[in-house]
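Visitor: Okay, here's the structure, questions in a sec.
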4 protein chains.
Amino acid sequence: MREKLFCILENDNDSLLSRCYNLIMLFAIVVSFIPLMSKHTNSFHLLVDYISTAIFCLDYLFRILTADFKLQKGKLSFLFYPFSLLAIVDLLSILPTFLYFNNSLRLLKIVRMGRVLRVFKVIRYSKNIQILTNVLQNQKESLLLVASLAVGYIFFTALLIFSVEPDTFETFFDAIYWATISLTTVGYGDIFATTMLGKIITMLSSIIGIAIVALPAGIITAGYMNEITKKG
Amino acid sequence: MREKLFCILENDNDSLLSRCYNLIMLFAIVVSFIPLMSKHTNSFHLLVDYISTAIFCLDYLFRILTADFKLQKGKLSFLFYPFSLLAIVDLLSILPTFLYFNNSLRLLKIVRMGRVLRVFKVIRYSKNIQILTNVLQNQKESLLLVASLAVGYIFFTALLIFSVEPDTFETFFDAIYWATISLTTVGYGDIFATTMLGKIITMLSSIIGIAIVALPAGIITAGYMNEITKKG
Amino acid sequence: MREKLFCILENDNDSLLSRCYNLIMLFAIVVSFIPLMSKHTNSFHLLVDYISTAIFCLDYLFRILTADFKLQKGKLSFLFYPFSLLAIVDLLSILPTFLYFNNSLRLLKIVRMGRVLRVFKVIRYSKNIQILTNVLQNQKESLLLVASLAVGYIFFTALLIFSVEPDTFETFFDAIYWATISLTTVGYGDIFATTMLGKIITMLSSIIGIAIVALPAGIITAGYMNEITKKG
Amino acid sequence: MREKLFCILENDNDSLLSRCYNLIMLFAIVVSFIPLMSKHTNSFHLLVDYISTAIFCLDYLFRILTADFKLQKGKLSFLFYPFSLLAIVDLLSILPTFLYFNNSLRLLKIVRMGRVLRVFKVIRYSKNIQILTNVLQNQKESLLLVASLAVGYIFFTALLIFSVEPDTFETFFDAIYWATISLTTVGYGDIFATTMLGKIITMLSSIIGIAIVALPAGIITAGYMNEITKKG
């Protein structure tokens with residue numbers, strides 16, 4: 001009985017029942033975001049919240065009950081499972097409904113987004129998702145390197161502009177924010193350099209920024225081509 | 001007689017007459033947009049509208065008359081043809097002129113843009129259009145995957161910012177709009193996060209956004225290179 | 001004598017004298033832009049303008065005198081040469097100084113930028129310029145196709161937004177401007193959609209815009225790789 | 001004794017002591033930026049500044065003492081070393097603390113960022129950094145060419161807009177700033193063309209700008225792929 005439940009949860013034999021279960025979960029997750037899309041909570045929102053939380057609770061219960069099949073550690077599995085990452089995500093996405101006294105807990109509900117990943121994991125991957133995941137997996141180190149390069153560059157530019165234009169940037173955080181928005185070429189225009197020296201730094205940053213933006217594009221393209229020729 | 005007309009419409013034997021017919025259609029489509037480029041309708045605009053609609057009506061009539069050559073289903077073709085996608089586009093691009101009582105129907109006229117595609121389809125493809133179409137065709141699934149990834153990411157960021165900064169974003173739609181404008185690095189600056197937490201979310205979104213923008217570039221590049229080496 | 005002059009002008013035997021001549025021309029071009037960088041014309045600017053124009057006049061004279069070596073058409077060369085593209089550029093870059101009665105002619109002086117290209121053409125190409133030129137040359141058709149696709153898309157979006165938000169966009173030109181600034185992700189924020197429907201169009205445009213931006217990147221990358229592997 | 005010190009400084013035999021030394025230096029550099037992140041200097045900032053400068057002084061002393069092992073020129077090394085680039089960077093990053101009379105010297109402290117590079121140089125490279133460095137090294141000329149193309153294009157657009165819209169752009173520097181912000185698609189919106197001609201120039205610039213942005217992406221991608229296939 002418990003083994004059957006586990007098969008449904010994990011989609012081990014790709015059964016129709018399992019696909020249905022996961023689709024219902026996906027639907028429950030999507031629906032549970034409806035109350036978050038509104039500022040005011042009405043009775044419909046509360047109803048949706050209660051029902052989706054009830055479904056999540058059942059799912060959490062099912063998973064705890066079948067923890068020994070998952071972790072393969074006998075009785076100890078029931079002790080270890082609640083501390084695994086996915087179990088904590090599950091718990092965090094249930095809790096806010098029970099502890100609904102202030103709005104700051106709304107944020108915790110977004111943790112449910114993590115559940116979406118699990119559903120995708122279970123419903124059999126398409127070939128394309130696999131290729132994309134492989135590319136990101138293989139180029140992980142290079143992408144991390146480029147990301148840390150970008151962060152270092154943002155920090156450097158922020159230091160520079162903060163020293164040059166203390167009047168425009170009230171705190172160092174503002175300078176970091178400005179540097180990020182400029183490097184990524186978003187450029188809202190809510191904060192920008194006004195002195196000549198500041199504008200020169202802005203120009204240099206933007207141009208170097210293009211090169212830094214080109215790096216991940218190059219890495220991903222190269223990785224993607226490698227993956228395609230490997231498969232072909 | 002009808003077969004000859006069909007050949008002209010579909011450019012089956014690449015005749016001069018057919019090319020002329022399609023160029024006239026293209027010209028009629030382009031000219032028919034002139035009234036849409038102005039807010040006020042003067043007599044010249046009405047004239048242009050009537051003439052172009054008349055041409056479109058003739059074209060629609062010709063195509064219905066030759067439907068049996070197109071669909072190859074005998075008499076039934078005349079029944080089925082008006083419900084094919086292109087026939088509906090044709091009808092929609094004629095109707096607004098007959099039902100010209102309010103301005104909201106102006107939008108329907110833009111459907112005529114769809115006719116441009118047909119003209120391009122008929123005038124023999126250049127090699128480059130074929131390569132480009134092949135690339136987009138072959139990578140369709142990957143591009144759709146990346147697009148849905150981007151949409152999911154936009155939804156996630158919108159949920160996050162809407163919970164964190166309810167004062168800046170009046171409706172959830174505003175949050176979605178902000179997330180899209182930020183991810184695509186357009187950044188008009190008409191709406192942006194003002195709290196520290198909101199700015200941190202903005203920064204993370206922009207940086208991850210670059211990676212998401214790099215994905216389609218990589219996919220298209222890889223597909224384009226494959227296509228070129230295949231031909232070569 | 002004239003043949004020698006022609007060799008110097010065209011750098012046929014890569015002589016020191018020829019390199020010097022072209023460097024002096026390059027210097028004269030750069031210096032001649034100084035008066036354009038200021039709103040007000042002082043005596044120094046006039047002096048610079050007169051000297052640089054004198055140098056350009058001499059260069060124009062030299063080139064007319066050696067036109068028969070250039071065009072290889074005997075006496076007729078002297079008649080045809082002044083109507084070649086480069087000769088017209090040369091003439092246009094001299095004229096404004098002689099006809100200096102209003103400021104609108106300042107624009108004509110920027111034509112001198114065309115002269116820079118000639119200098120680059122003459123001073124022996126580096127390998128990299130050659131590769132880059134080859135890439136752009138080979139992919140010219142594809143790039144033109146993508147450019148016309150982008151222009152068509154801008155026109156389509158402009159028509160759409162102009163019908164949906166006639167209050168925001170006073171003229172159709174404004175709509176075209178908005179569409180271009182949005183598609184290229186510049187997003188100054190001087191003009192943007194304010195209605196819900198307009199914002200939805202904005203979002204769709206931005207996302208499709210990324211794909212359109214990715215196309216030239218893909219084409220150039222593929223062309224560049226082809227060029228490198230060919231050479232290697 | 002001095003040889004041992006040199007080994008630690010340069011991480012010649014990848015010893016634990018050397019790694020520790022370099023990590024301490026990295027930590028000192030990072031910590032020394034804390035006072036720069038604030039506008040006002042309190043006693044904690046002064047303390048951090050004194051301690052980090054003391055560490056930098058010691059490091060500078062160590063490096064001068066072992067200069068003969070570094071430069072391999074005998075006694076002359078001690079004379080030459082202080083004028084090497086890295087030694088000047090080191091000196092510049094110490095000086096401001098001793099000469100702390102005005103805020104403009106804050107900028108000099110950012111020179112310390114250069115020290116970070118040295119630390120990275122010493123702690124053994126990961127494979128990915130090596131690949132990235134190779135790509136940038138091999139494509140240096142192409143990237144410089146593209147960069148100078150971009151600078152030329154910025155200059156050209158700035159000249160154009162400055163002649164067309166003298167009312168919007170007070171100085172030529174403003175025009176250069178606007179051209180850079182537009183080409184890189186940052187588009188803060190603090191300065192933009194307002195006349196019709198100016199907007200047409202803006203649109204052309206943005207579209208050509210995309211191609212110029214696509215060039216470095218293509219170059220880096222091609223270089224990266226070459227590097228990967230070489231290693232594989």
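Visitor: Which condition from (1) hydrophobic (A, V, I, L, M, F, W, C); (2) part of a loop (DSSP other than H, G, I, E, B); (3) within 8 Å of chain D (Cβ to nearest Cβ); (4) in contact with an Asp or Glu (Cβ under 9 Å, 6 or more places away or on another chain) is the one that A:Phe162 breaks?
Guide: Of the numbered conditions (1) hydrophobic (A, V, I, L, M, F, W, C); (2) part of a loop (DSSP other than H, G, I, E, B); (3) within 8 Å of chain D (Cβ to nearest Cβ); (4) in contact with an Asp or Glu (Cβ under 9 Å, 6 or more places away or on another chain), the odd one out for A:Phe162 is (2).
Visitor: Which condition breaks for C:Phe172 when tested against (1) surrounded by fewer than 23 Cβ atoms within 10 Å (Cβ to Cβ); (2) hydrophobic (A, V, I, L, M, F, W, C); (3) closer than 22 Å to A:Gly187 by Cα?
Guide: (3)
Visitor: If D:Phe80 satisfies every condition in (1) surrounded by fewer than 16 Cβ atoms within 10 Å (Cβ to Cβ); (2) modelled with pLDDT under 80; (3) under 24 Å from D:Cys57 (Cβ atoms) but one, which is the exception?
Guide: D:Phe80 satisfies all of (1) surrounded by fewer than 16 Cβ atoms within 10 Å (Cβ to Cβ); (2) modelled with pLDDT under 80; (3) under 24 Å from D:Cys57 (Cβ atoms) except (2).
Visitor: So which residues in region B:223-232 are touching a residue at least 60 places away in the same chain (Cβ under 8 Å) and crowded, with 22+ Cβ neighbours inside 10 Å? Steps first, please.
Guide: Let us first name the residues in region B:223-232 that are touching a residue at least 60 places away in the same chain (Cβ under 8 Å), namely B:223-224, B:226-228, B:231.
Residues satisfying the conditions are B:Gly223, B:Tyr224.
Visitor: Under 8 Å between Cβ atoms, which residue pairs at least 6 apart in sequence (or on different chains) link something in region C:29-46 that is farther than 14 Å from D:Thr171 by Cβ with a partner that is of a type in the set (Val, Ile, Thr) and assigned to a loop (DSSP other than H, G, I, E, B)?
Guide: C:Pro35/C:Thr41
Visitor: Which one is surrounded by the fewest Cβ atoms within 10 Å (Cβ to Cβ), of the residues in region C:23-61 that are in a loop (DSSP other than H, G, I, E, B) and within 12 Å of chain D (Cβ to nearest Cβ)? Quick ask: steps written out before the conclusion?
Guide: Of all residues in region C:23-61, those in a loop (DSSP other than H, G, I, E, B) come to C:33, C:38-42.
Pick out the ones that are also within 12 Å of chain D (Cβ to nearest Cβ) and you get C:33, C:38-40.
Details: C:Phe33: 19, C:Ser38: 13, C:Lys39: 14, C:His40: 6.
Once the filter is applied, the top-ranked residue is C:His40.
Visitor: Can you name every residue in region C:210-219 that is more than 7 Å from chain B (Cβ to nearest Cβ) and crowded, with 22+ Cβ neighbours inside 10 Å?
Guide: C:Val213, C:Pro216
Visitor: Of all residues in region A:142-159, count the ones that are surrounded by fewer than 18 Cβ atoms within 10 Å (Cβ to Cβ) and facing chain D (nearest Cβ under 9 Å).
Guide: Final tally of qualifying residues: 4.
Visitor: Would you pick out the residues in region B:182-208 that are more than 7 Å from chain A (Cβ to nearest Cβ) and closer than 24 Å to A:Ala214 by Cα?
Guide: B:Leu183, B:Thr184, B:Val186, B:Tyr188, B:Ile200, B:Ile201, B:Thr202, B:Leu204, B:Ser205, B:Ile208
Visitor: If you don't mind, another one. Taking the conditions exactly as written (modelled with pLDDT under 85 and part of a helix (DSSP H, G or I)), does D:Ile181 satisfy them or not?
Guide: The answer is no for D:Ile181.
Visitor: Also: Looking only at region D:184-209, which residues are of a type in the set (A, V, I, L, M, F, W, C), in a helix (DSSP H, G or I) and either in contact (Cβ under 8 Å) with a residue 12 or more places away in the chain or in contact with a Gly (Cβ under 8 Å, 6 or more places away or on another chain) (or both)?
Guide: Passing the criteria: D:Leu197, D:Ile201, D:Ile208.
Visitor: OK, next. Can you find a residue that is of a type in the set (Gly, Ala, Ser) and modelled with pLDDT of 90 or more anywhere in region D:141-156?
Guide: Here is the first cut: in region D:141-156, the residues of a type in the set (Gly, Ala, Ser) are D:142, D:147-148, D:150, D:152.
Retained after the next criterion (residues that are modelled with pLDDT of 90 or more): none.
No; the residues of region D:141-156 include none that is of a type in the set (Gly, Ala, Ser) and modelled with pLDDT of 90 or more.
Visitor: What number of residues in region A:186-224 are farther than 23 Å from A:Ser163 by Cα and at pLDDT below 85?
Guide: 5
Visitor: Then there's this: Restricting to region B:167-177, count the residues that are more than 10 Å from chain A (Cβ to nearest Cβ) and under 30 Å from the mean Cα position of the chain (by Cα).
Guide: Total satisfying the criteria: 2.
Visitor: For region A:93-114, which positions are at pLDDT 75 or above and closer than 16 Å to A:Met25 by Cα?
Guide: A:Ser93, A:Ile94
Visitor: Regarding region D:158-166, can at least one residue be identified that is within 27 Å of the chain's Cα centre (by Cα) and over 30 Å from C:Thr229 (Cβ atoms)? Steps first, please.
Guide: Taking region D:158-166 as the starting set, the residues that turn out to be within 27 Å of the chain's Cα centre (by Cα) are D:158.
Of the ones still in play, those that are also over 30 Å from C:Thr229 (Cβ atoms) are D:158.
Yes, some residue in region D:158-166 is within 27 Å of the chain's Cα centre (by Cα) and over 30 Å from C:Thr229 (Cβ atoms).
Visitor: Take B:Asp167 and decide whether it is part of a helix (DSSP H, G or I), acidic (Asp, Glu) and touching a Ser or Thr at 6+ places or on another chain (Cβ under 9 Å).
Guide: Against the criterion (part of a helix (DSSP H, G or I), acidic (Asp, Glu) and touching a Ser or Thr at 6+ places or on another chain (Cβ under 9 Å)), B:Asp167 does not qualify.
The values are calculated or read from the model by the stated rules, or taken from the named source; none is laboratory data. Just so we're clear, the structure is a prediction, and the values are computed from it rather than from any experiment. Backbone-built Cβ (ideal geometry, glycine too); neighbour counts: all protein chains shown.
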